[in-house]
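First up is the structure itself, then whatever we jot down about it.
What follows draws every value from the coordinates through simple rules; no lab data is involved. All values derive from a computational prediction rather than experimental measurement. Note: ideal-geometry Cβ built from the backbone for every residue, glycine included; neighbour counts use all protein chains shown.
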Amino acid sequence: MDLELLKSSLAKAFEQYVVGIINGLPGVISGLIILLLGWLIAKGLRAVVKTTAVRSGLDGLVDKSGFSKVLGKVGVSKVSSLLAGLVYVFVLLVFIVAAADAMHLTGVTNAISALFAYLPTFFTALAIFLAGLWGAELVKEAIGTMMDSVGLSGGRVLGSVVFGLIVLFTSIAALNMAGVDTTLVTSNIVVVLGGILIAFCIAYGFAARDILTNILSSYYGKDRFKVGMRVRIGSDEGVIEKIDSISIAIRTADRLVLLPTKQLITERIEVLGEEAAG
C-alpha cells in the first residue's frame, strides 16, 4: 500500500473541501444577511399594516358585517391580524428566494417560485371558502329569525342544516378551484343529500301542516275578528283578548281559553258584540 499516494489523495480532497467552503462562504454570509434583513423588514411591515388597519377602523367594519365570525371559525381573531400576517409571510418568502439565490440553492428557489405561482389559485380558493362560510352564517341567522317571527319551532335546526349544506358545497367548489379532483365525492354527496332533503321536506311538511294551517287562518281571519269582540266558538263564549299566528285567546266567565286559529275559518263562529279592550 502506497502511503504517500494515500496522503496525497487525502490532502488534495481536504484542500478541495476547504476551498469549496471558502468559496461558498461569501454566498452563505450574504444569504444569512439577506434573511436577517428580510426578517426585520417583514416584522416592520407587519406592524405598519396592522396599525394602519386598526386605525382605519377596518376591524369594526368587519365586525359589523358579521365576517369576524367567519374568521373566528378559521382561528383568526381580527382581520387586521390576518392582513399583517399575510404581508409578513409574503415579504419573508421574497427574501428567502433572494437568500437562496445568493447561496446557490436552486432547489429551494424553484420550490418557492412554484409556491408563488400557486398562490393566486390558493387565495382564490380560500376566498371562495370564506365567502361561503360568511353567506352560510347569514342564511342561518335569517332562517332562525324568520321562523321565530312566525312562531315556528325548529328554526335553529333548519338553519344549521342549511348552513352545513352551504359550507359543504362551498368547500367542494374551493377544492375544485385549488386543483383537487372532487368528481366522485360530489356525485355521491349529491345523491345522498338529495334523498335526505326529500325525506326531510316530506317529514317536516307533515309535522308543520297544522302550524301552517293556523298561520294562514290567522292571516285570513285577522280582518274579521278583533281584540275586544265577544264571540262564541263551539261551546266556548267569551271576549277575544289576543290573536297571534298560532292561537286565539278568549276570556270566558271563569277561565282563559286558547284555541287554534284554524278554527277561525273551519268552525261556526257567532259574533255577539264588541267590548272595550283592556
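Neighbours of Ser235, meaning other residues whose beta-carbon lies under 13 angstrom from its beta-carbon, give a summed charge of -1 when Lys and Arg score +1 and Asp and Glu score -1. With a threshold of 27 Å on the Cα-Cα distance, the over-threshold entries among Lys64/Lys242; Lys64/Lys140; Lys78/Lys140 are Lys64/Lys242. Near Ile248, the amide H atoms lying under 5 Å from its own belong to Leu259, Thr261; only residues 5 or more places off or on other chains count, and H is placed 1.01 Å from N. With a Förster radius of 51 Å applied to the beta-carbon distance between Phe169 and Leu259, the computed FRET efficiency rounds to 0.70. When each of the peptides 241-252, 108-119, 35-46 is scored by the mean number of other C-beta atoms lying within 10 Å of its residues, the order from highest to lowest reads 241-252, 35-46, 108-119.
Extension gain, Val162 to Lys64, is 33.0 nm, computed as 0.36 nm per intervening residue step minus the present C-alpha separation.
Computed from point charges on the beta carbon alone (+1 for Lys and Arg, -1 for Asp and Glu), the dipole magnitude for segment 35-150 about its Cα centre is near 260 Debye.
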